[in-house]
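Notes follow once the structure below has been shown.
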Amino acid sequence: MVNPALQHPIFGPEIHCPHCRQLIPALTLTDTYLCSRHGAFEANPDTKELVHLQSGRQWRQWEGEWYRQHTHPDGIRFEIHEALDRLYTQGYRATRVIIAQRYQELVNAYLERSAPWRGQVDNSTPRLYGLPVEFSPSPEEEPRWNVINFNLEKEPGVPVRYPYFRLFE
Ligand SMILES: [Zn+2]
């Protein structure tokens, strides 16, 4: 008797397609999932990634959600831009973005740094879309940072109705 768990790819007998979110089945005795709209996705048991065979796009999973793994700086910048738009339409504004450490090398050249002024050493925080950027703790410290791409810190976008100093009186 074969252990039934061994007959399924690492993500189980069915997954939600990362593109259209419909439930798609694994093909028997393979590592492949087949979406009727988006074609074949292959689970890689070594990297724990799901790969779209047609495009080469890769995802990792955290708490049931797929996170696209970027290999080009434009990919992650675009995803952050979309998330900022979404926050704004929900009535928030972002105050800081924390980007996964594994993208540090990829995005470094694209961050905004204010020009050194009168020969002073520039220690200012790098920015992206005007937002201060920090990099995440290592995945050894916080495993989710091996999967998720970034986190936006936010505050309500509506005007504050009383002065901040009141909070400290
Ligand atoms: Zn699909």
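No value in this document is a laboratory result; all are computed from the given coordinates. What you see is a predicted model; the values in this text were computed from it and never measured. Cβ coordinates were reconstructed from backbone atoms using ideal geometry, including for glycine residues, and neighbour counts include every protein chain displayed.
Key figures for this structure:
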quantity: Stretchable slack from TYR110 to TRP62, in nm (0.36 nm times residue separation minus alpha-carbon distance); calculated: 14.6 nm
quantity: Taking LYS154, LYS48 and counting other C-beta atoms within 10 Å, the order from fewest to most; calculated: LYS48, LYS154
quantity: 37 °C / 0.692 mPa s Stokes-Einstein diffusion coefficient of the stretch 4-69, Kirkwood radius on C-alpha pairs, µm²/s; calculated: 282
quantity: Footprinting exposure proxy for TYR67, TYR33, TYR129 (fewest neighbouring C-beta atoms within 10 Å first); calculated: TYR129, TYR67, TYR33
quantity: The stretch 4-69, dipole about Cα centre (Lys/Arg Cβ +1, Asp/Glu Cβ -1), debye to the nearest 20; calculated: 240
quantity: Fewest-first sequence of PHE11, PHE41 by Cβ atoms within 10 Å of each Cβ; calculated: PHE11, PHE41
quantity: Dipole of the stretch 4-69, positive end: most advanced residue of GLN7, HIS38, GLN58 [Cβ charges, Cα centre]; calculated: HIS38
